[in-house]
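Have a look at the structure below, then the notes.
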Amino acid sequence: MKDPSPTLDQLAARVAELEAEREMTLRLAQTDSLTGLVNRGAFTSGLCERLDAARDAGGTVSLFVIDLDRFKNLNDSLGHHAGDILLAELGRRLHEDALPGELVARLGGDEFAVVSDTAEVATRAERLVATLSQQQTIYGRQVSPGGSVGVAVFPRDAQDAADLQRFADMALYRAKSRGGRVWSAFDAELRAESERRRNLEAELRRAIPAGEIEPWFQPIVDAMTGRMVGVEVLARWRHPTQGLLSPASFVPMAEELGLIRAIDEAVFEAACARTAPWVAEGLIELVACNVSPRDLLDPGFSRKLIGRLSRTALPATALCVEITETFLVSDLSLARRHIERLASKGVRVALDDFGTGYSNLRALMHLPIQTVKLDRSLIDDVGRDPRVSKLVASMLHAARALGVCITAEGVEDEGQALFLRSAGCDRMQGYFFARPMPAREMEALLREMNTPELRLAVAS
Ligand code: C2E
Ligand code: CA
Ligand code: CA
């Protein structure tokens with residue numbers, strides 16, 4: 001027998017069902033699956049809607065951005081699953097603590113955000129910091145991750161969503177740099193900083209083709225004889241009004257803006273031209289150049305570098321390329337290809353900032369790296385703190401066993417130099433010997449030093 005046609009009620013129920021399903025699908029697409037909070041996409045559109053509404057009604061919108069302190073440590077020590085439990089629990093607390101009408105989102109990783117129309121910004125921020133600091137038990141262990149909070153307010157600080165986020169991030173960054181577990185609000189100081197960055201960005205784009213980024217040179221000495229064997233090339237920006245700027249004030253920005261490759265190329269070419277005669281005359285035998293982890297992600301990096309090198313008078317065997325572990329972690333097989341291609345032409349590769357990460361030893365064992373540069377942070381306490389001295393001595397021992405040459409960076413006094421030499425360090429670099437200097441000064445130093453050992457000697 002044929003089914004009777006559905007009644008009006010049945011049809012209405014089916015339509016309601018379909019609508020509920022659609023709503024559920026929509027909600028899922030806007031929800032972070034781990035915490036059940038709003039996800040980044042929905043957060044962005046929600047923030048824009050609230051700004052539009054506040055603009056029409058003359059209201060205010062406060063954006064709190066949140067980042068956990070040392071979440072990575074916890075993830076590494078207790079495992080990803082424990083990290084997930086912590087994030088889910090935190091999401092629940094943030095949701096429970098929310099004031100009526102607030103939008104609480106997980107932006108990704110250990111980053112959260114709260115959009116609020118509260119007038120009590122300080123009280124709200126303090127409560128967020130307190131929520132983040134509450135203890136949790138995970139796998140029977142008490143953890144209290146703690147977090148930092150950055151705040152920016154519409155319309156006082158910013159006029160649109162992009163600026164509001166950028167400014168809240170700047171405030172968050174400042175809170176973190178103060179040690180975390182605190183909050184910080186965008187203010188006049190950060191506004192000045194933001195304007196400075198914006199101007200600097202425009203100027204950096206102009207400075208590279210204008211030749212304002214120049215190579216400086218710092219001596220690298222043989223640890224046994226104190227003789228200067230080479231130089232490390234360090235970029236400096238000769239800014240027309242601000243004077244000489246060090247890499248810390250422009251390299252991170254250049255990396256963000258994708259300008260670092262242009263800088264590295266300009267510095268490299270100028271450095272090769274300057275140092276080739278020094279090498280040809282036998283004054284030095286090594287020229288060490290820094291390359292950004294970004295450069296190395298380009299599969300054509302080593303081929304292009306060899307091409308550029310061949311257009312200079314600097315012999316390949318004098319060049320050492322300094323790379324950092326950030327890159328090795330991201331792509332070990334690409335690293336191997338670059339290093340092998342460079343080695344086939346006689347170019348050496350050094351692992352920079354050694355001792356600051358923990359994947360370094362693995363890289364050392366698996367890659368044909370000839371030199372490591374022991375990071376300044378390790379050298380600082382060498383000869384003063386017996387534990388650090390022991391650690392450095394055993395690192396030197398391990399490197400020797402692998403047939404790797406070690407250069408210690410940031411040697412600032414005689415005590416450090418003597419300790420490093422007795423522990424078997426091969427080469428040293430640091431203010432104790434000489435600070436980085438412009439090409440002309442380096443040239444003068446090299447030429448007047450026909451007995452370089454005497455100028456840069458390590459006292460015995
Ligand atoms: P780095 O490669 O680790 O370079 C060593 C830094 O330590 C240099 O800082 C040097 O001036 C400083 N230094 C050397 N000896 C001492 C010492 O005894 N005490 C102290 N306190 N510091 C010492 P600088 O020139 O400011 O360069 C900072 C970083 O910027 C470099 O660290 C490198 O990572 C990056 N950098 C420099 N030039 C370039 C470049 O041309 N391209 C790229 N991609 N990065 C560069
Ligand atoms: Ca370096
Ligand atoms: Ca270094």
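Of all residue pairs spaced 6 or more apart or on separate chains, those with beta-carbon atoms under 9 Å, a first member in the range 387-414 that is assigned to a loop (DSSP other than H, G, I, E, B) and a second member that is among the polar types (S, T, N, Q) and within 15 Å of ligand 3 (Cβ to nearest atom) are Val404/Thr371; Glu409/Gln429; Gly410/Ser377; Gly410/Gln429; Val411/Gln429. The single condition among (1) away from ligand 3 (no atom under 16 Å from the Cβ); (2) open to solvent by 10 Å² or more (accessible area, probe 1.4 Å); (3) assigned to a helix (DSSP H, G or I); (4) not basic (Lys, Arg) that Gly383 does not meet is (3). Quick one: how many residues across the range 240-265 are of a type in the set (A, V, I, L, M, F, W, C), more than 16 Å from ligand 2 (Cβ to nearest atom) and more than 14 Å from Leu200 (Cα to Cα)? Number satisfying all stated conditions: 1.
Scanning the range 117-138 for residues that are out of contact with any Gly (no Cβ under 8 Å at 6 or more places or on another chain) and over 22 Å from Lys72 (Cβ atoms) turns up Thr118, Ala119, Glu120, Val121, Ala122, Thr123, Arg124, Ala125, Glu126, Arg127, Ala130. Inside the range 305-324, residues that are under 25 Å from the mean Cα position of the chain (by Cα) and away from ligand 3 (no atom under 16 Å from the Cβ) make up a count of 1.
Among the residues of the range 178-199, the one identified as assigned to a helix (DSSP H, G or I) and touching a strand residue (DSSP E or B) at 6+ places or on another chain (Cβ under 9 Å) is Leu190.
Would you check which residues across the range 257-294 are of a type in the set (Phe, Trp, Tyr) and closer than 17 Å to Arg440 by Cβ and list them? Before you say what the answer is, go through the steps one by one.
Filtering the range 257-294 for residues of a type in the set (Phe, Trp, Tyr) gives 268, 278.
The answer is Trp278, and nothing else.
Assess whether Ala439 counts as being away from ligand 3 (no atom under 16 Å from the Cβ), surrounded by fewer than 22 Cβ atoms within 10 Å (Cβ to Cβ) and of a type in the set (Gly, Ala, Ser). It would help to see each step written out before you state the result.
On the way: away from ligand 3 (no atom under 16 Å from the Cβ): yes; surrounded by fewer than 22 Cβ atoms within 10 Å (Cβ to Cβ): yes; of a type in the set (Gly, Ala, Ser): yes.
Yes.
Would you confirm whether or not the range 295-313 contains a residue that is in the same structural domain as Arg427 (by TED's automatic domain parsing), among the small types (Gly, Ala, Ser) and farther than 17 Å from Cys272 by Cα? Yes. In this structure, Gly282 does not satisfy being on the phi > 0 side of the Ramachandran plot and within 14 Å of ligand 3 (Cβ to nearest atom).
Residues in the range 279-307 that are free of Cβ contacts under 8 Å to residues at least 24 places away in the same chain and either in a helix (DSSP H, G or I) or open to solvent by 10 Å² or more (accessible area, probe 1.4 Å) (or both): Glu281, Gly282, Lys304, Gly307.
Yes/no per residue for (1) under 22 Å from Val61 (Cα atoms); (2) assigned to a helix (DSSP H, G or I); (3) assigned by TED's automatic domain parsing to the domain that holds Phe64:
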residue	(1), (2), (3)
Val114	yes, no, yes
Thr118	yes, no, yes
Thr123	yes, yes, yes
Glu126	yes, yes, yes
Val129	yes, yes, yes
Gln142	no, no, yes
Pro145	no, no, yes
Gly150	yes, no, yes
Val153	yes, no, yes
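For Leu68, state whether it is more than 30 Å from Gln159 (Cβ to Cβ), modelled with pLDDT under 95 and open to solvent by less than 30 Å² (accessible area, probe 1.4 Å). Taking the combined requirement at face value, the residue does not satisfy it.
Conditions (1) assigned to a strand (DSSP E or B); (2) in the same structural domain as Glu322 (by TED's automatic domain parsing); (3) loosely packed, with under 14 Cβ neighbours inside 10 Å; (4) over 25 Å from the mean Cα position of the chain (by Cα), marked per residue:
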{"residue": "Gly211", "(1), (2), (3), (4)": "no, yes, yes, yes"}
{"residue": "Ile220", "(1), (2), (3), (4)": "yes, yes, no, yes"}
{"residue": "Arg236", "(1), (2), (3), (4)": "yes, yes, no, no"}
{"residue": "Leu244", "(1), (2), (3), (4)": "yes, yes, yes, no"}
{"residue": "Glu265", "(1), (2), (3), (4)": "no, yes, no, no"}
{"residue": "Pro277", "(1), (2), (3), (4)": "no, yes, yes, yes"}
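If you go through the range 32-55 and keep only what is within 29 Å of the chain's Cα centre (by Cα) and not in a helix (DSSP H, G or I), you end up with Asp32, Ser33, Leu34, Thr35, Leu37, Val38, Asn39. One residue stands out in the range 181-209 among those that are surrounded by fewer than 19 Cβ atoms within 10 Å (Cβ to Cβ) and small (Gly, Ala, Ser): the one that is farthest from Glu255 (Cα to Cα), namely Ala188.
The values are calculated or read from the model by the stated rules, or taken from the named source; none is laboratory data. Only a predicted model underlies this, so the values are computations on that prediction, with no experimental measurement involved. Heads up, the Cβs are rebuilt from the backbone with ideal geometry, glycines too, and the neighbour counts pull from every protein chain shown. We work out accessible area using only protein heavy atoms, side chains counted, and drop any ligands, DNA or RNA first. Shrake-Rupley method; radii C 1.70, N 1.55, O 1.52, S 1.80 Å.
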